[in-house]
Amino acid sequence: TNSVIPGFEAWVATMKKGERKMIQVSPKDGYGENVIVRTVPKFEVAPEFTITVEKIRFQDVITQVVPRSDLGEAGKDLKEGQTLTGGLGIVAKVVKLDGENITLDIENKDQPFYGKKLVVGASAEKDGAKFTVKQLTDTGVTMDVVNSKSPFAGKKFEVGVQWVLDNPTAGNGIPLKIVAINGEEIQVEMPNPHPLAGKTLFFDIEILDVQ
């Protein structure tokens, strides 16, 4: 059922009622090796990159139809023209009431080009990143992005480069290293945080019953 480590489950699956066995589970079939590799989107860490996103995400106002029940208490006794304010400062205007369906015009202030004309060459900044429009199509926007908050800002971004990721919970940093850059993804090597990582495990198992 994948509810325990693979090595343990594989052994138990071969045993019968009343059988007892001492088993050995290697790190790869237990809690992993001391070092693990994770794949992350390039845009999460790269200091500069190019990305293409849906053009609709850059509209100042997005029209959306939602069930009245999704609005909870705010969905009761609504009137056309009424303005609703939600979490993260989202502002929506009721433009149509159709039974249980409500059409909203949502102010898309979270996008970097809000209030600006979206044309090739236009640029905007938001949350420490600069966005410059490189290409426009009927459905997509391709942008060059410079992220000043990247751990590699002003540094090399290539295979073999290491950096330390802040880890406030543990009170120290997590060392990471780039081991591969594949298109829009990168592979990062990091320590396995599990306390039993890299350890060979031994279990003394007796099958009492099988149901």
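The values are calculated or read from the model by the stated rules, or taken from the named source; none is laboratory data. Everything numeric in this text was worked out from a predicted model, so none of it was measured. Using ideal geometry, Cβ is built from the backbone for each residue, glycine included, and neighbour counts are taken over all protein chains shown. The protein model used for the area step is the full one, side chains on, heavy atoms only, and it has no ligands, DNA or RNA in it. Shrake-Rupley method; radii C 1.70, N 1.55, O 1.52, S 1.80 Å.
Using a 10 angstrom Cβ neighbour count of at most 12 plus a DSSP loop assignment to flag exposed GluC sites (Glu not before Pro), which longest range of the chain is free of such sites? My reading of the result: 20-79 is the longest stretch. For residue 84, the residues whose amide H sits under 5 Å from its own are 92, 93, 94, ignoring neighbours fewer than 5 places away on the same chain, with H placed 1.01 Å from N. Taken per residue, the accessible surface of the chain reaches 67 Å², heavy atoms only and a 1.4 Å probe. All distinct Cα pairs of the chain go into the 1/r average, and the inverse of that average, the Kirkwood radius, is 22.6 Å.
Using a 1.4 Å probe on the protein chains only, how many percent of the accessible area of segment 71-211 belongs to carbon and sulfur? Mind showing how you got there, number by number?
On the way: 4640 of 9240 Å².
Here carbon and sulfur together make up 50 percent of the probe-accessible area.
Can you compute the label reach from residue 98? Point 7 Å from Cα along the Cβ direction, backbone N cut-off under 15 Å, restricted to segment 33-69. Inside the label zone: 63-68. Available extension along the chain between residue 138 and residue 28 is 34.8 nm, counting 0.36 nm per residue and deducting the alpha carbon span.
In order along segment 155-160, phi translates into HN-Hα couplings of 10, 6, 10, 7, 4, x Hz, rounded to whole numbers, per the Karplus curve 6.51 cos²θ - 1.76 cosθ + 1.60 with θ = phi - 60° and x for Gly and Pro. For the pair segment 117-157 / segment 26-97, the C-alpha centres are spaced 19 Å from each other. Note that segment 5-15 has calculated 3J(HN,Hα) couplings of 4, x, x, 5, 5, 5, 5, 4, 5, 9, 9 Hz, one per residue in order, obtained from phi through the Karplus relation 6.51 cos²θ - 1.76 cosθ + 1.60 (θ = phi - 60°); glycine and proline are x. Our helix-only sum for the chain, with -39,500 (n - 2.57) per DSSP H run of n ≥ 4 divided by its residues, gives a mean residue ellipticity at 222 nm of -1000 deg cm²/dmol. For the chain, the relative contact order comes to 32 percent (Cα pairs under 8 Å, sequence separation of at least 6).
Under the combined filter of DSSP loop state and at most 15 neighbouring Cβ atoms within 10 Å, segment 113-153 retains these chymotrypsin sites (Phe, Trp or Tyr not before Pro): 114.
Output the pairs from 130/177; 149/199; 109/177; 76/109; 79/149; 79/130 with a Cα-Cα distance over 32 Å in this structure; if there are none, say none. Result: 149/199; 109/177; 79/149; 79/130 exceed 32 Å. The trypsin sites (Lys or Arg not before Pro) of segment 62-140 that DSSP puts in a loop, and whose beta carbon has at most 15 other beta carbons within 10 Å, are 76, 79, 109, 116, 117.
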